[in-house]
Structures are given as C-alpha cells and as structure tokens.
1. May I ask you to derive the FRET efficiency for GLU30 and LYS58 from their Cβ-Cβ distance with R0 = 22 Å, giving the value to the nearest 0.05?
2. Decide, for region 8-58, between rounded, prolate and oblate: order the square roots of the alpha carbon gyration tensor eigenvalues as a ≥ b ≥ c, take rounded if a/c falls under 1.5, and otherwise choose prolate if a/b is larger than b/c, else oblate.
3. Could you please report the charge total around THR43, scoring K, R as +1 and D, E as -1 over all other residues with beta-carbon less than 11 angstrom from its beta-carbon?
Amino acid sequence: MNLCIMVKKKSYSEEKLNEMIVWLNNHANELPKEMQINKFAFTPNLKLTVESCIMQAK
C-alpha cells in the first residue's frame, strides 16, 4: 500500500499531473523521511514512495 491510494480523484489532466509532479519535486527535501499513512499503511521511505507514484502516474 502506498500514497497513490490517497489521491481523491481517479484521474487528472496531464497538465494538472505535471503541475503536481513539479511541486513534489520542488518540495521533496521537505517531506518527512517516513510516514504513517493510515492505521494499516506505513512507508519507511516517503521520497521513494512519491517517486514510485510519479512513475505510475506517468
């Protein structure tokens, strides 16, 4: 389980997706190292999880 499941919309325009990717890349160093996403999901490497989600989205 990863952060990708937290997206509320099922799809975004390519323009909006690119906007979110730019924002995430610009703020990657500000993200916490790890994150408890919900009661059952934990990511020990949030930056890698975000990168994986970006690859999946593309």
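1. 0.50
2. Oblate shape, in that a/c is at least 1.5 and b/c is the bigger or equal ratio.
3. Within the 11 Å Cβ shell, the charges total +1.
Coordinate-derived values only; no laboratory data. Source: prediction; values computed, not measured. As a convention, Cβ positions derive from the backbone with ideal geometry for all residues, glycine included, and neighbour counts pool all protein chains shown.
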